[in-house]
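Chemist: Next up is a structure, given as structure tokens.
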Amino acid sequence: MKPVVSIVMGSRSDLPTMKATGEVLKEFGLAYEIRIMSAHRTPEAVEEYAKSAKDRGIQVIIAAAGGAAHLAGVIAASTTLPVIGVPIQSKALNGLDSLLSIVQMPGGIPVATVAIGSAGAKNAGILAAQMIALADEAMAQKLVAYKQAMKEKVLADSIVVDFE
Ligand SMILES: Nc1c(C(=O)O)ncn1[C@@H]1O[C@H](COP(=O)(O)O)[C@@H](O)[C@H]1O
């Protein structure tokens, strides 16, 4: 299957966080590719990748980085595909640095920013599925079923007898 979602991350050290994105995309049956590249360390490769992604059939790009997290913004500068930014939880500042450097894009170059860490990585995958579902009724139905299953689980969890 040709990948329709791209997961890009600034370093191999981001992989454990981004596992959550891969798991969600698999659950929705969405083919994805993973690339490690950096706006700082491999700027030419990032630009080339962003420019060619759409023509290769990619529909959504998920870009994760930590610290001075410029990767998502630099990718967004070179494509019209929707870019979702995942702030990695950094050691020094707990990911606040990553969050602010991804979310505060200048007008004209949007990056849809999710929460710091694994919850954000999971939501990035769901958000990508929701974007694709705009033109894919089968995917839209999978999202309805996903929400329903989540609701049923929470309702079942609420039948707690005691803390003991
Ligand atoms: N923020 C960026 C970019 C970028 O924005 O292009 N490239 C790497 N990084 C981040 O640096 C952190 C530390 O990387 P190393 O673990 O390789 O030292 C990672 O979270 C990565 O995403």
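Chemist: Would you check if there is a residue in segment 54-64 being part of a helix (DSSP H, G or I) and under 11 Å from the mean Cα position of the chain (by Cα)?
Modeler: No - not one qualifying residue is present in segment 54-64.
Chemist: For segment 40-72, which residues satisfy the criterion of being near the ligand (Cβ under 8 Å from one of its atoms), surrounded by 18 or more Cβ atoms within 10 Å (Cβ to Cβ) and not aliphatic (A, V, I, L, M)?
Modeler: Hits for segment 40-72 are Gly66, Gly67, His70.
Chemist: Given the criterion assigned to a helix (DSSP H, G or I) and at pLDDT 95 or above, identify the matching residue among Ala140, Ala115.
Modeler: Testing whether each residue is assigned to a helix (DSSP H, G or I) and at pLDDT 95 or above leaves just Ala140.
Chemist: Go through segment 23-39 and give me each residue that's assigned to a loop (DSSP other than H, G, I, E, B), away from the ligand (no atom under 12 Å from the Cβ) and surrounded by 15 or more Cβ atoms within 10 Å (Cβ to Cβ).
Modeler: If the condition is that a residue be assigned to a loop (DSSP other than H, G, I, E, B), away from the ligand (no atom under 12 Å from the Cβ) and surrounded by 15 or more Cβ atoms within 10 Å (Cβ to Cβ), then Phe28, Leu30 are the ones that fit.
Chemist: Related question: Pairs, please: C-beta under 8 Å, at least 6 apart or cross-chain, first residue surrounded by 10 or more Cβ atoms within 10 Å (Cβ to Cβ) and in segment 142-160, second at pLDDT below 95 and assigned to a helix (DSSP H, G or I)?
Modeler: Partner pairs satisfying both residue conditions: none exist.
Chemist: Leu81 - would you say it is more than 10 Å from the ligand (Cβ to nearest atom) and in a helix (DSSP H, G or I)?
Modeler: So Leu81 does not fit the description; no.
Chemist: For residues in segment 8-22 being more than 9 Å from the ligand (Cβ to nearest atom) and β-branched (Val, Ile, Thr), which is nearest to Leu127 (Cα to Cα)?
Modeler: The qualifying residue nearest to Leu127 (Cα to Cα) is Thr21.
Chemist: While we're on this one: Restricting attention to segment 19-56, and to residues there that are among the acidic types (Asp, Glu) and free of Cβ contacts under 8 Å to residues at least 40 places away in the same chain, which single residue is farthest from Lys142 (Cα to Cα)?
Modeler: It comes out as Glu44.
Chemist: Which residues, counting only those in segment 84-94, are of a type in the set (Val, Ile, Thr) and either assigned to a loop (DSSP other than H, G, I, E, B) or more than 13 Å from the ligand (Cβ to nearest atom) (or both)?
Modeler: Residue satisfying the conditions is Ile84 alone.
The values are calculated or read from the model by the stated rules, or taken from the named source; none is laboratory data. None of these values were measured; they are calculated from a predicted model. So basically every Cβ, Gly included, is an ideal-geometry build from the backbone, and we count neighbours across all protein chains shown.
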